[in-house]
């Protein structure tokens, strides 16, 4: 889909860097907020990722956040705890407790003056997993999710995939073992 396809842009976008979102244990998560320039509240969109919003993760998502903000959605890209500009100690990869931070971010967004109380969440890869896990806790402001290429069960889908996936990888010439040449 081209940038001009779909709903046309209707406003400019302001970006607020390093918004502090305090979660239940007092840790502050850092977020960049893409706001439509219009004055009325609208829905919020949240992405929670460990890829550093100020690095490649944020650069890769800039177009999407700008696209949605120019169409009336307030977009937050948030560093997971202990990553990027967020405080706290990082949780182990794929830790289910990241969902608690996701709930706190969704609820924080819903309470902001720029949000009408309705929040969506989306992400690609790891951020899709944080989206799925947050949604599993059913925060009331969360109305929609779009997880793209995420894992329902990281242990099964990523760490120890089923034998069929290993056989397919092997057939394609991919190996998990080093070989001497």
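Quick note: the coordinates plus some simple rules give every number you see, no bench work behind them. What you see is a predicted model; the values in this text were computed from it and never measured. Glycine also receives a Cβ, built like all others from the backbone with ideal geometry; neighbour counts cover every protein chain displayed.
Name the single residue, out of those in the range 41-56 being in contact (Cβ under 8 Å) with a residue 40 or more places away in the chain and outside any strand (DSSP E or B), that is surrounded by the fewest Cβ atoms within 10 Å (Cβ to Cβ). Here the answer is 41.
Does any residue in the range 63-85 that is in contact (Cβ under 8 Å) with a residue 12 or more places away in the chain come within less than 7 Å, Cβ to Cβ, of a residue that is surrounded by fewer than 24 Cβ atoms within 10 Å (Cβ to Cβ) and assigned to a helix (DSSP H, G or I) six or more places away or on a different chain, and which pairs are these? As it stands, the answer is 75/65; 75/68; 77/58; 77/61; 77/65; 80/98, since those pairs meet every condition given.
For the range 135-150, the candidate set comprises residues that are outside any loop (DSSP other than H, G, I, E, B) and in contact with a strand residue (DSSP E or B) (Cβ under 6 Å, 6 or more places away or on another chain); within that set, the residue that is surrounded by the most Cβ atoms within 10 Å (Cβ to Cβ) is 142.
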